[in-house]
Amino acid sequence: MKYIMFEDFSGEALPILFPNRIGFLEFREQIPYTKVLSAGYVQIRSEGISCHGECKELNTKTRLEDSGIIREKLDAAES
């Protein structure tokens, strides 16, 4: 899967995951948040969550903290 990490309107990091068949730029154009913090690919497996890669179209790449942020959002009762 792909992901883009946005800064939401309250200043918090907000990851949005989407299928590989959708282009980064195509997806980004549909989201109202103005700031992209990072983007790349995410793997969710029994061992955990890992992020890797980059997004040349958005001129960004994964960050070390992205996996933890995605894990926290998926574990939260209400996100």
Subset of segment 40-73, residues out of contact with any strand residue (DSSP E or B) (no Cβ under 7 Å at 6 or more places or on another chain), farther than 15 Å from K2 by Cα and of a type outside the set (S, T, N, Q), comes to E47, G48, L64, E65, G68, E72
Scanning segment 46-73 for residues that are open to solvent by 40 Å² or more (accessible area, probe 1.4 Å), acidic (D, E) and out of contact with any Leu (no Cβ under 7 Å at 6 or more places or on another chain) gives E47, E54, E65, E72
Within segment 34-45, residues open to solvent by 30 Å² or more (accessible area, probe 1.4 Å) and touching a residue at least 40 places away in the same chain (Cβ under 8 Å) come out as Y41, Q43, I44
Residues of segment 23-39 being aliphatic (A, V, I, L, M) and touching a strand residue (DSSP E or B) at 6+ places or on another chain (Cβ under 7 Å), in sequence order, are I31, V36, L37, A39
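The values are calculated or read from the model by the stated rules, or taken from the named source; none is laboratory data. Quantities reported herein were computed from a predicted structural model and do not represent experimental measurements. Glycine gets a Cβ as well: all are built from the backbone with ideal geometry, and neighbour counts include every protein chain shown. These area figures cover heavy atoms from the full protein model, side chains too; ligands, DNA and RNA do not enter into them. Shrake-Rupley method; radii C 1.70, N 1.55, O 1.52, S 1.80 Å.
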